[in-house]
Amino acid sequence: LPLNGGKGPAATEALRNGSLDFTRVYGTFFSHVARWIRALGGPMADIEDIAQEVFLVVRRRLPEFDGENLVGWLYKITRYTVRDHRRRAWFRHVLSGRRDIDLDDMPHSQDGPAAQLDRKEAQRVLHEMLSRMSDKRRTAFVLFEIEGYSGEEIALMEDIPVSTVWTRLYHARRDFLGLVNKHQTREKIGP
Amino acid sequence: MMKRLLEQTDSRDPLISRAGRIIGSAQPNAPSDAMRRRVLALVVRERQPFASRRGWLARPAAIGAVLLATTAAAASFHSREGWLPRAYRVAIERVRTAGTAVQSDAHLAARPTTVDEHAGPTPAETALDAHLEAALMTDAEFAAASVIAGREADASIDLAAPPVEARVSRGASRAKTRRASASATWDDGAGTVVAAMAMLRRQHDAAKAGQLIEDYLRAHPEGALCEEAMALAVEAASARGDARESRRFAARYERVFPNGRFREALRPGDSH
């Protein structure tokens, strides 16, 4: 099931002939769900936990899926799961402690310390800017600019018209460039 | 078709070029195969993620238990009594109050004595002393000191040192600290009798002793040490040289305790 085939007849047919089982959905969409989680604002360190929660829901609810828009259905589950996760994140981290090290984000040996530092600093600036944008614009922006989804794919996921996606992207880019401009001005002035 | 900022890092517009470089620092999120396998294994086993599986029940319970224990320890330290010892204290006091009379009956009944203020401690005084000091020894000095300092009210609060409690407590000083700070809710006036005895025998202040005895008899007309208090009253009156008052207390003693153990010693003919 390719991402653009998760809607309409393909998914409905797969559901009807029994080929739309959980293992197949998981194998096809796990990487997408992981990318959506980050785009929706899920912490990098918790991506694995959130993905697990998402697919627990998927496994439980898959028999109830109507076959209309598999991508949109998965994206909606991911969005609600990330939202719930973010809501209880503070309380949960206070109680259970937090795994700060992402096992898949360990430093690569080919990167020198200076390169790593530059990259980390750029990521920090990027996250700071993204955190100042509205949820809808940020999500569209990250999905398009960072995760590389097309406008049509985003429309499919969000279950909205493509024109709405372009509008959100337009405003998101304007906001982002404004933030970059402010950052540059601050850098010139100095601390 | 909108072009991505990431593809415009070489743009002539420095702002767009800079924005493209910033976005380029964040790589697309590509989960590893190891993560994919881990999550699938956990989902197939229908296990909740670590944080939501353990954190929501175990840790709040542990934190609550720690808070509760800390609060209890602080309260116990603050009051210097603790919660269970207070219950034990009440029970022990009740046993002691009942046991004092039995004890005194046992070793005083066979000791007829006389009251003679000029010839040193008489057998009656000795018996009374022995009885009271056996029960209240550890607090006698404290009571006397309190009375001397003019703190009769404090002295009468709870100076009784139950022998049972004295054996139970881990140290005399600690027990005394607790007794001194305890409330007067279980006071039976024994401290007043002890104070009167100390005042009469050690400070030789018969007037003050008589006043304390009267206070005790007024507050506890049927107290556990009523008999001893009346005997002390006769002795105090004799020490003051008030023969009339001495006879009056002796007659009252005869009337209240016709078979009392100090009856022989307190006969009007024996006292001064």
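Nothing in this text is a laboratory measurement; each read-out follows from the coordinates by a stated rule. This structure is a prediction, so every number in the text was calculated from the model and none was measured. Neighbour counts run over all protein chains shown; Cβ positions are idealised from the backbone, glycine included.
Below are the figures for this structure:
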| item | result |
| --- | --- |
| Order by protection proxy (mean Cβ within 10 Å, highest first), peptides B:10-16, B:208-214 | B:208-214, B:10-16 |
| Per-peptide average of other Cβ atoms within 10 Å, ordering A:148-159, A:124-135, A:172-183 highest first | A:148-159, A:172-183, A:124-135 |
| B:Ser25, B:Ser32 arranged by Cβ crowding within 10 Å, fewest neighbours leading | B:Ser32, B:Ser25 |
| Residue-averaged beta-carbon neighbours from other chains (10 angstrom radius) around B:223-230 | 0 |
| Equivalent-ellipsoid semi-axes of the stretch B:192-270, from the Cα gyration tensor, Å, largest first | 18, 15, 10 |
| Distance from the stretch A:41-77 to the stretch B:25-46 (C-alpha centre basis), Å | 13 |
| Number of partner chain Cβ atoms within 10 Å, mean per residue of A:165-177 | 2 |
